[in-house]
Amino acid sequence: MTNARVNLRDRLSTGTTRDLGPTNEIVREALHDHSLVKELVEALSDERIVVAHRASNALKKIQRSKPELLAPFAKQILKRALATEHMHTRWSLTIILGELPTGSPASSLAGVALRGRDKALAVDLMFEALSSRSALQRVFALQALANYAQNDSALRTRVHPVLQRALTDSSAAIRARARKLVKQL
């Protein structure tokens, strides 16, 4: 094992949550050494806020490049999203969950990361996030719900009125995202 692998959490812990530290370097490494993705997912449960925050940020960046690398860890990511209270970590995990593939309730696709009870928990988490004080958290939750509703007509009927209400939200970011999402659904 390389020194980078042995000390991944220690590497993530340097500095404060206000900077990325070695996150971008670790992302580059993980895109070549996929076993680091598992270590990053495990780092989400680290007691040090900076470690979990940077791990979530790294996973979000990995997902943008190779989303298939995160699908096997959907349950663990969902579990951490349900448990975390740190806002920045929650933002990243909400984005990640919102981009994971889901199936319709009748789907049995092998490549679907969230389905059944896991998808229901993720949907509940997103509806709960709509009451967050953070406008960004609400934007990310709206996007996730719209993504989930794309292939789920029952969920689409629940999400549509939420998007309609969001069109009149006090936050400009919420209104802008809602306008975009209403057109997509």
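The values are calculated or read from the model by the stated rules, or taken from the named source; none is laboratory data. Since we're looking at a predicted model, the values are computed, not measured. Every residue, glycine among them, receives a Cβ derived from its backbone with ideal geometry; neighbour counts consider all protein chains shown.
Scanning segment 58-69 for residues that are under 12 Å from the mean Cα position of the chain (by Cα) and surrounded by 15 or more Cβ atoms within 10 Å (Cβ to Cβ) turns up Ala58, Leu59, Lys60, Lys61, Ile62, Gln63.
Taken over segment 112-126, the criterion of being of a type in the set (A, V, I, L, M, F, W, C), more than 14 Å from the chain's Cα centre (by Cα) and in a helix (DSSP H, G or I) is satisfied by Ala120 alone.
Under the condition of being aliphatic (A, V, I, L, M) and either in the same structural domain as Phe127 (by TED's automatic domain parsing) or buried (at least 19 other Cβ atoms within 10 Å of the Cβ) (or both), the residues counted in segment 70-95 number 7.
If you go through segment 150-174 one residue at a time, how many are charged (D, E, K, R), assigned to a helix (DSSP H, G or I) and touching a helix residue (DSSP H, G or I) at 6+ places or on another chain (Cβ under 7 Å)? Of the residues in that region, 1 qualify.
Identify all residues within segment 160-181 that are touching a residue at least 12 places away in the same chain (Cβ under 8 Å) and in contact with an Asp or Glu (Cβ under 9 Å, 6 or more places away or on another chain); write none if there are none. Residue satisfying the conditions is Ala178 alone. Anything in segment 18-40 that is within 16 Å of His86 (Cα to Cα) and in a helix (DSSP H, G or I)? List them, or say none. None - no residue of segment 18-40 is within 16 Å of His86 (Cα to Cα) and in a helix (DSSP H, G or I), so the list stays empty.
When segment 132-149 is examined, which residues are found to be in contact with a Lys or Arg (Cβ under 8 Å, 6 or more places away or on another chain) and outside any helix (DSSP H, G or I)? Hit for segment 132-149 is Ser132, nothing else. Residue count for segment 76-86 under the criterion of being part of a helix (DSSP H, G or I) and either over 12 Å from the mean Cα position of the chain (by Cα) or modelled with pLDDT under 95 (or both): the result is 1. Taking first residues from segment 18-31 that are among the polar types (S, T, N, Q) and partners that are in a helix (DSSP H, G or I), the Cβ contacts under 9 Å between residues at least 6 apart in sequence or on separate chains come to Thr23/Leu12; Thr23/Arg54; Thr23/Ala55; Thr23/Asn57; Thr23/Ala58; Thr23/Lys61; Asn24/Ala58; Asn24/Lys61.
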